[in-house]
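Peer 1: Input: one structure, supplied below.
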Protein chains: 2
Amino acid sequence: MSDPRTSFAPRGSTEEVEEGSAFAPKFDADGLMTCVATEACSGEVLMVAHMNAEALQKTIATGEAWYFSRSRRKLWKKGESSGHVQRIIEMRIDCDQDAVWIKVEQAGAGACHTGRRSCFYRRVPVGAADVRKLEFRDADKLFDPEVVYRENSR
Amino acid sequence: MSDPRTSFAPRGSTEEVEEGSAFAPKFDADGLMTCVATEACSGEVLMVAHMNAEALQKTIATGEAWYFSRSRRKLWKKGESSGHVQRIIEMRIDCDQDAVWIKVEQAGAGACHTGRRSCFYRRVPVGAADVRKLEFRDADKLFDPEVVYRENSR
């Protein structure tokens, strides 16, 4: 396929990147940008993951979230094995165009591969004496990962 | 000062990291982790930035957001020059402990150095024919960055 980066505008000046309407996403040295997925109805942060140019392009073209796994070094579609697809309600890009925020409708019981609704199921006790101890919050397992993930993918 | 990383628990097995209560944050090759700041009252994503171990430790100790600037290679306290401090209402860590989500009370008119409430003031037209064209949303400038940032810091 053609280089997915050619789908986007070239990077311009800081003024153009921040105040313009040209979509000129910036990828880091590994070719990735950060993506935050929130649940459109609740505003809850479901997960933080990465997109390369191809994942970003596929997400925009299909209206469903695609990511790039840093650990497995591969493109993956969210829900490809679990069925827990994320339908994009809205996508936003930040000021310097190196992070995207997607508001999604999360299919299935949850977004986290551990079986929870969100990946953020533990609280860091800010200001507490012992910050090494996390507190579980909204941590109910809503599905069994062993059953849902038949293969080594998510 | 002592190595801020020693404030945290050592990384254990995947099971321990994901299902345990030991706070064992993972920093990338540059010593950073991603932080998503949302406005506690609205659920809106205000910004995505990075924390090194010291920024994370200071955020936890002070209850206000500290970050590490990749471009300026320095620790900074959000609001140190603008006064737009972020008070932490809650901090969460994700399943593999390499990203934090902070729900904050944003002081001042906004979080973005361009003068907006949020850094995410442009919409990417998902599914549209011309994805190179961003659409401005919630993009009113609420403060004048030239006035608010007296120095080259934010």
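The values are calculated or read from the model by the stated rules, or taken from the named source; none is laboratory data. What you are looking at is a predicted structure, and each value in this text was computed from that prediction instead of being measured. Here the Cβ positions follow ideal geometry from the backbone for every residue, glycine too, while neighbour counts run over all protein chains shown. Please note that ligands, DNA and RNA were not included when accessible areas were found on the heavy atoms of the full protein model with its side chains. Shrake-Rupley method; radii C 1.70, N 1.55, O 1.52, S 1.80 Å.
Peer 1: Criterion first (out of contact with any strand residue (DSSP E or B) (no Cβ under 8 Å at 6 or more places or on another chain) and either outside any loop (DSSP other than H, G, I, E, B) or of a type in the set (Phe, Trp, Tyr) (or both)) does B:Phe143 satisfy it?
Peer 2: Yes, satisfied.
Peer 1: So B:Phe8 clears everything in (1) of a type outside the set (D, E, K, R); (2) under 30 Å from A:Gln97 (Cβ atoms); (3) open to solvent by less than 30 Å² (accessible area, probe 1.4 Å) except one condition, right? Which one?
Peer 2: Here B:Phe8 meets the rest and fails (2).
Peer 1: To continue, here is another question. Quick test of your reading of the structure: B:Cys95 fulfils all but one of (1) open to solvent by 40 Å² or more (accessible area, probe 1.4 Å); (2) at the interface with chain A (Cβ under 9 Å from one of its Cβ atoms); (3) in a loop (DSSP other than H, G, I, E, B). Name the failing condition by number.
Peer 2: (1)
Peer 1: While we're here: Can you pull out the residues in region B:98-126 that are of a type in the set (Asp, Glu) and away from chain A (no Cβ under 12 Å)? Reasoning before the result, please.
Peer 2: Initially, region B:98-126 is screened for residues of a type in the set (Asp, Glu), giving B:98, B:105.
Across region B:98-126, the qualifying residue is only B:Glu105.
Peer 1: Could you tell me whether region A:105-126 includes any residue that is crowded, with 20+ Cβ neighbours inside 10 Å, in contact with a helix residue (DSSP H, G or I) (Cβ under 7 Å, 6 or more places away or on another chain) and free of Cβ contacts under 8 Å to residues at least 12 places away in the same chain?
Peer 2: yes
Peer 1: Now for a different question. Just need a number here: residues in region A:127-151 that are open to solvent by 90 Å² or more (accessible area, probe 1.4 Å), closer than 26 Å to B:Phe8 by Cα and among the aliphatic types (A, V, I, L, M).
Peer 2: 1
A quick yes/no check of all residues on (1) among the aliphatic types (A, V, I, L, M); (2) modelled with pLDDT under 95:
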position: A:Lys103; (1), (2): no, no
position: A:Gly108; (1), (2): no, yes
position: A:Arg116; (1), (2): no, no
position: A:Tyr121; (1), (2): no, no
position: A:Ala128; (1), (2): yes, yes
position: A:Val131; (1), (2): yes, yes
position: A:Asp138; (1), (2): no, yes
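Peer 1: When the residues of region B:32-89 are narrowed to those that are assigned to a helix (DSSP H, G or I) and open to solvent by less than 40 Å² (accessible area, probe 1.4 Å), which ends up nearest to the other protein chains (Cβ to nearest Cβ)?
Peer 2: Looking at residues that are assigned to a helix (DSSP H, G or I) and open to solvent by less than 40 Å² (accessible area, probe 1.4 Å), I get B:Ile60.
Peer 1: Could you list, in sequence order, all residues of region B:19-30 that are assigned to a loop (DSSP other than H, G, I, E, B) and surrounded by 15 or more Cβ atoms within 10 Å (Cβ to Cβ)?
Peer 2: Residues satisfying the conditions are B:Gly20, B:Phe23, B:Ala24, B:Pro25, B:Phe27.
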